[in-house]
Structure formats: C-alpha cells, structure tokens
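The values are calculated or read from the model by the stated rules, or taken from the named source; none is laboratory data. Computed from a predicted structure; not experimentally measured. FYI the Cβ positions are ideal-geometry reconstructions off the backbone, even for glycines, and counts take in every protein chain you see.
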Amino acid sequence: MLKALFLDMDETLCDTKGANAKAQRLLGEAAEAKYGQTPNFDGQAFSAAYVKGIYREWSEQQRERYLPIAEQQGEGVFRVQLIRDLLAAQGVEQIEEEDAQALQDKFDQDRIAAFDFYPGIMEFLQEARQLFTLVVITNGPEYSQIPKVEAIRLAEHVDHIIIGGQEPEQKPARSIFEKALKLAKCEAHEAIHVGDSLAADIAGAHNSHITSVWIQHQQPLDAELGIEPSHTVMHPDEIPELIRQLHSR
C-alpha cells in the first residue's frame, strides 16, 4: 500500500527555469541601462553568464577562483564577485561593490517574484495530502532554497520539507531518503519519489529501493548513467494522473 509521496521541488513542483529566465532577462536589462555606454557591452550576455556561474557551470579557471570564495566567505560574496568579474570582462571599469550587490539583489528579488508552482500542482498537493504523507526533498543551499520555499508557502501544502543544504548529504545519498522515510513513518516499498534529475532523484530513489517517477522535460535518457526510472512522464502536469493510477492498483 502506498503511504508516502516524496517530491523534488525545482522543475518538479515549480517552474524554476521559467523564473530564472525572467530574472535573467531583467538583470540583463538593468545592466544594460547602467553600463550600456561601455563599448560593445552586452547586458543579456552578461546575465546569461551570471546564471551559468551561480549554477556552477564553471571552467576549471573559474572553479579555482570561485569555489574557495563560496566555501570560505559564503554564497552571497561569491555571487557579488562573479558579477564584478563578468562586468570587468565586458570592459566595465571601476565597479563599485554596492552596484554589484544591487544587481545581485535585483536578480534574487525578480526570481523569487516569478517563482511559482506549475499550473495544477497546488490543487494536486491538496488532493494527494488526503491520501499520502507528502515530503519534499530538494537539493541546494539554504541561501537559494529557503527563499523559494517561503515564496510559495510550501509548508502549507506538504507535511515535511528536507533541504539538502541543511543535511550532511544531498540527493542521491541514501541518508536523505532514509530521513524522508522516517518522517513519513513508512517503509521504502510504501513510498514513491518524483523528480527530474536522473543522477540525483532517480538514482537516489533506487539506491533506497523506492519506486521512482522521472519527469523527463525533453531530456534524453542518458544510457551511460545506467538508470532506468520505474515510471516516466514528460511534464509535471502528468504527475497527478500517474499517481492516481499507481494508488488505485
């Protein structure tokens, strides 16, 4: 009997990429307005590089520079330094720290303002909560995840929230799924985990002997990972019907 439903947050319950895209565009416009007089300055290229940077899509040189800053001085200091470096790379001189901080704050504010559930997901959570214990397991640092959790008032819609950055290990570590099972007071065979990452969500669920649902989002199934989801849906709007089917079996 199915007793618990474990759910990823980003790109599973919420349209994180959509929120990022809007914030990225607005950041580029703000940078263009402030620094557009610099020859060949490209605000959208700057903002795109910034988003890649905060998601740690780094070159080896960037890793050597930014990882110590993030680990020793914190995520906020790293992000401000990233902005200053990216502006300097586009020929902007004399970048004041407060100006870089203002751009950083704008991105965060715009992203949170745009962050929301996918259509129909809030209603699904209300329905599912009558049948299952709902546990959200989301990877990521407190710096970025807590504001998102608060923005959508996630605690009002699920029973438990586990943020990877607050735990000793993140998905796919078995320990974080074991914590979810303990919170839900159920065994692995009584739970399902839904997420969009093969490497984090699906591998983690399988390592803990939990049935998995992969949200494909047009991603290819990476044969090299050797991970076969128990079930696959193309988009989060397919989650409710699949869970209803699995519950009725």
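For E93, only one of the following conditions fails: (1) in a helix (DSSP H, G or I); (2) modelled with pLDDT under 95; (3) over 26 Å from D10 (Cβ atoms). What is its number?
In the conditions (1) in a helix (DSSP H, G or I); (2) modelled with pLDDT under 95; (3) over 26 Å from D10 (Cβ atoms), E93 misses (1) alone.
Select from region 212-227 the residues that are more than 21 Å from G18 (Cα to Cα) and touching a residue at least 24 places away in the same chain (Cβ under 8 Å) and list them in ascending order.
V213, D222, L225, I227
Just to be sure I understand the filter: pairs with C-beta atoms under 7 Å, separated by 6 or more residues or on different chains, first member in region 56-79 and among the basic types (K, R), second member surrounded by 15 or more Cβ atoms within 10 Å (Cβ to Cβ) and assigned to a helix (DSSP H, G or I). Which pairs pass?
Final answer for the pair search is R79/I54; R79/Q104.
I'm checking my understanding of the structure. Among residues of region 232-249 that are touching a Leu at 6+ places or on another chain (Cβ under 9 Å) and surrounded by 15 or more Cβ atoms within 10 Å (Cβ to Cβ), which one is farthest from F117 (Cα to Cα)?
Residue satisfying both the conditions and the ranking: L246.
Give the residue that is nearest to the chain's Cα centre (by Cα), with candidates limited to residues of region 140-172 that are surrounded by 15 or more Cβ atoms within 10 Å (Cβ to Cβ) and among the charged types (D, E, K, R).
Per the stated criteria, the residue is K148.
So which residues in region 153-184 are β-branched (V, I, T) and more than 24 Å from R79 (Cα to Cα)?
Across region 153-184, the qualifying residues are V158, I161, I162, I176.
Going residue by residue through region 105-118, is there one that turns out to be over 18 Å from the mean Cα position of the chain (by Cα) and outside any loop (DSSP other than H, G, I, E, B)? Break it down stepwise before answering.
First, pick out the residues of region 105-118 that are over 18 Å from the mean Cα position of the chain (by Cα): 105-106.
Adding the requirement that they be outside any loop (DSSP other than H, G, I, E, B) leaves 105-106.
Yes, that holds for at least one residue.
Tell me, which strands (runs of 3 or more DSSP E) wholly within region 147-249 include 1 or more residues that are out of contact with any Phe, Trp or Tyr (no Cβ under 6 Å at 6 or more places or on another chain) and of a type in the set (S, T, N, Q)?
211-215
Out of region 41-65, which residues are within 14 Å of D85 (Cα to Cα) and either of a type in the set (V, I, T) or under 20 Å from the mean Cα position of the chain (by Cα) (or both)?
Result: S47, A48, A49, Y50, V51, K52, G53, I54, W58.
Looking at E123, E75, E127 in this structure, which one is closer than 28 Å to K182 by Cα, among the acidic types (D, E) and within 23 Å of the chain's Cα centre (by Cα)?
E123
For region 119-139, name all the residues that are surrounded by fewer than 18 Cβ atoms within 10 Å (Cβ to Cβ), in contact (Cβ under 8 Å) with a residue 60 or more places away in the chain and closer than 23 Å to K22 by Cβ.
Within region 119-139, P119, G120 qualify.
Can you find even one residue in region 94-103 that is aliphatic (A, V, I, L, M), touching a His at 6+ places or on another chain (Cβ under 7 Å) and either in contact (Cβ under 8 Å) with a residue 12 or more places away in the chain or buried (at least 19 other Cβ atoms within 10 Å of the Cβ) (or both)?
no
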